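Working notes, structure below.
The values are calculated or read from the model by the stated rules, or taken from the named source; none is laboratory data. Note that the structure is predicted; figures quoted are calculated from it, not measured. Glycine also receives a Cβ, built like all others from the backbone with ideal geometry; neighbour counts cover every protein chain displayed.
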Amino acid sequence: MPADSSAPPLRLRLREKLPEILIEAASVVLALFLALGANAWHEHGQDVERARTARAAILAEMRTNRTELGGSREAMSRNLAYLAELAKDDSSAKGQSAHFDVPLALLSEAAWRTAQSSQALRETDYAWTIEVSRCYELQGMFMQMQWLVLEQIADMGKARVDTKADIARQLQGRIDLLSKLSADLERAYAELLGATAPRDQG
């Protein structure tokens, strides 16, 4: 059957349809970009909200830790005063016992570790996150020294001490260091809890 000579060639028809095809393709691409942008905006909003929640939990944890540390610091001050008096006493330590008030400061880092493992602080100011990290590192040093002091007190019966002053000399160094660490930690808590809330990035 002969071709219809009156029908326009395929190339001509495509040329006529090209603007319409390009407009439809551009509409599809634009819709795709808008959808991707909306999804990214939604995810960013979720990240910001997670960062706010994590930051609030960390600050709440620090407030609790600061209160817990306060009781321990008071006991350390009493112990240092007691040791200062004991250091002047050269009387025999045999049959005598030293009385120390060393309450454990049970400081938590659960909120901080959870925020790290879940990457919840991605949308939080980086400088603030660094300061928080330093504070928790200092807290870890304090906890380690606290356990060393408690172990040393528990092992005093094995130490060679002849006088009460010897007892003081055995313990003063570590308890004094523990007291200084607690003071540094208290300052770190105060700076972070008293600071203006850090801005969110983005």
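Does Arg50 meet the test of being modelled with pLDDT of 65 or more and crowded, with 17+ Cβ neighbours inside 10 Å?
Details: modelled with pLDDT of 65 or more: yes; crowded, with 17+ Cβ neighbours inside 10 Å: yes.
Considered against the rule, which asks whether it is modelled with pLDDT of 65 or more and crowded, with 17+ Cβ neighbours inside 10 Å, Arg50 comes out as yes.
Which one is farthest from Arg66 (Cα to Cα), of the residues in the range 176-202 that are modelled with pLDDT of 60 or more and charged (D, E, K, R)?
Here the residue is Asp176.
Return the pair list, or none, for Cβ contacts closer than 6 Å from residues in the range 66-92 that are within 15 Å of Leu104 (Cβ to Cβ) to residues that are among the acidic types (Asp, Glu), at least 6 apart or on different chains.
Cβ pairs passing all conditions: Ala75/Asp101.
Phe142 is checked against (1) in contact with a Ser or Thr (Cβ under 8 Å, 6 or more places away or on another chain); (2) outside any helix (DSSP H, G or I) and fails just one. What number does that condition carry?
(2)
How about the range 96-121: which of its residues are at pLDDT 85 or above and in a loop (DSSP other than H, G, I, E, B)?
Of everything in the range 96-121, those that are at pLDDT 85 or above and in a loop (DSSP other than H, G, I, E, B) turn out to be Ala105, Leu106, Leu107, Ser108, Glu109.
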